[in-house]
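Trainee: Here you go, one structure.
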Amino acid sequence: MITAAAKSLSERPWMDRDARPQIVIEGVTKTFGDYTAVDNVSLNIYQGEMFALVGASGCGKTTLLRMLAGFARQSGGRIVIDGAEMSDVPPHERPVNMMFQSYALFPHMTVEGNVGYGIRRLPIGRAEREQRIAQALEMVQLGHLAKRKPHQLSGGQRQRVALARALIRRPKVLLLDEPLSALDKKLREKTQFELIDLQYRVGITFIVVTHDQDEAMALATRIAVMDRGKVLQVGTPSEIYEFPASRFVADFVGTTNLFEGTVRECGPGIVTVQCAETACDLMIDDGGRFSAGQSVWVALRPEKIRLTKQPPDGGRGNLLRGVVWELGYLGNRSTYRIKMASGKLVTVQAQNERRTSEWSIDWSDEVYMSWQADAAVILQS
């Protein structure tokens with residue numbers, strides 16, 4: 001019988017000290033002349049994870065993916081998959097397969113021809129080959145389109161053909177380079193759930209490279225945020241979003257307000273930060289990691305802020321005042337940019353809970369922004 005605690009560890013093996021990672025990336029570096037694309041990266045990835053590598057263009061995420069696939073050789077460090085060192089293993093002998101951003105479908109082949117291309121050299125009979133093609137197409141729900149050519153398919157259908165072709169060889173690890181970037185917003189969101197469901201059903205490890213933070217947050221069990229070849233933080237989506245380890249991570253993943261300041265005092269569980277931009281002190285929950293006089297940044301997510309026309313009643317929290325400078329209606333929510341007396345712009349997001357065409361808070365309104373001490377996080381400068 002599996003207890004709740006055991007089940008929790010099985011779903012989060014990175015928290016189990018005895019769990020053995022399926023993929024070990026240890027001190028991996030990749031240089032091109034004087035340029036370092038990947039800089040001493042170390043990661044442990046566990047069997048069955050949907051692991052995401054995120055970062056801006058040129059951060060090294062795709063180069064790292066190509067080294068896993070064997071298309072590029074690391075300049076230093078090692079890559080181990082299922083206990084086997086991969087340095088001298090050619091791409092076609094590695095237990096991985098890669099789905100490219102462009103999908104790379106053959107226009108002259110049918111859907112089943114494209115999917116079966118990956119097993120054309122395997123020593124299997126025609127009947128087994130046809131069975132595996134049918135199974136792969138059924139897996140991505142495209143069996144009824146087996147005879148069509150790529151130009152007769154939608155973007156989402158072409159994406160699924162490429163996915164079936166990558167899965168037909170039954171790899172232990174599937175590498176996906178910007179798998180949903182060619183799809184429109186609504187189809188991309190729909191396909192995210194399909195991809196999660198498929199990965200759960202096949203049970204193999206997916207490593208996804210994307211520059212889209214929202215996509216990584218929706219898909220991944222864990223995320224590695226990269227910048228200039230280095231991994232800055234690894235964690236679950238909620239850890240990365242709610243507890244960023246640096247100013248870069250806070251600013252890169254989602255939208256955040258950053259206030260520069262100096263620690264005035266550290267009380268029991270509360271740090272008081274003196275901030276010139278707000279013309280008042282800010283109070284933040286913290287466990288004593290900082291000391292008086294230390295330069296810090298306060299990171300505050302827009303949805304954590306309450307926006308009102310009147311100052312809220314009582315309560316120990318933070319309170320700022322400003323004027324609505326910019327306003328954007330996004331259907332399910334509205335985004336406000338509030339200009340303070342210092343000129344600092346603060347972004348606030350509010351859920352549109354009622355159906356109305358009238359703004360409760362409009363352009364040029366004087367407003368109050370309030371939040372509790374546990375809503376923000378302090379980051380080192």
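Conditions (1) in a loop (DSSP other than H, G, I, E, B); (2) among the acidic types (Asp, Glu); (3) surrounded by 17 or more Cβ atoms within 10 Å (Cβ to Cβ), marked per residue:
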| site | (1), (2), (3) |
| --- | --- |
| PRO107 | yes, no, no |
| ALA127 | no, no, no |
| ALA134 | no, no, no |
| HIS144 | no, no, no |
| ALA166 | no, no, yes |
| ARG169 | yes, no, no |
| LEU174 | no, no, yes |
| PRO179 | yes, no, yes |
| ASP197 | no, yes, no |
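Rundown of residues vs (1) in contact (Cβ under 8 Å) with a residue 60 or more places away in the chain; (2) among the acidic types (Asp, Glu); (3) closer than 18 Å to GLY58 by Cβ, yes/no style:
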site: LEU187; (1), (2), (3): no, no, no
site: ASP197; (1), (2), (3): no, yes, no
site: THR210; (1), (2), (3): yes, no, yes
site: LEU219; (1), (2), (3): yes, no, no
site: ASP227; (1), (2), (3): yes, yes, yes
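Trainee: Ok, one more. Among the residues of segment 339-347, is any buried (at least 16 other Cβ atoms within 10 Å of the Cβ), at pLDDT below 95 and not hydrophobic (A, V, I, L, M, F, W, C)?
Mentor: The answer is no; no qualifying residue exists.
Trainee: Step by step: first the residues of segment 24-74, then only those that are under 21 Å from HIS211 (Cα atoms) and of a type in the set (Asp, Glu), then the one that is modelled with the highest pLDDT. Which residue is that?
Mentor: Taking the candidates together, the pick is ASP39.
Trainee: Collect the residues in segment 229-271 that are of a type in the set (Gly, Ala, Ser), in contact (Cβ under 8 Å) with a residue 12 or more places away in the chain and not in a loop (DSSP other than H, G, I, E, B), keeping them in residue-number order.
Mentor: Listed by number, the residues that qualify are GLY235, ALA250, GLY261.
Trainee: Let me ask something else about it. Could you check, for segment 110-119, whether at least one of its residues is of a type in the set (Phe, Trp, Tyr), assigned by TED's automatic domain parsing to the domain that holds LEU65 and assigned to a helix (DSSP H, G or I)?
Mentor: yes
Trainee: For segment 201-214: of the residues being in contact with a Ser or Thr (Cβ under 9 Å, 6 or more places away or on another chain) and buried (at least 20 other Cβ atoms within 10 Å of the Cβ), which is modelled with the lowest pLDDT?
Mentor: Residue satisfying both the conditions and the ranking: THR210.
Trainee: Another question, then. I'm told GLU303 meets every condition in (1) within 24 Å of the chain's Cα centre (by Cα); (2) in a strand (DSSP E or B) except one. Can you identify the failing condition by its number?
Mentor: So the condition that GLU303 fails would be (2).
Trainee: While we're here: Identify, from the list VAL28, VAL89, the residue that is without any contact (Cβ under 8 Å) to a residue 24 or more places away in the chain, in the same structural domain as TYR200 (by TED's automatic domain parsing) and of a type in the set (Val, Ile, Thr).
Mentor: One residue alone meets the criteria, VAL89.
The values are calculated or read from the model by the stated rules, or taken from the named source; none is laboratory data. None of the values given here were measured: they were computed from a predicted structure. Neighbour counts run over all protein chains shown; Cβ positions are idealised from the backbone, glycine included.
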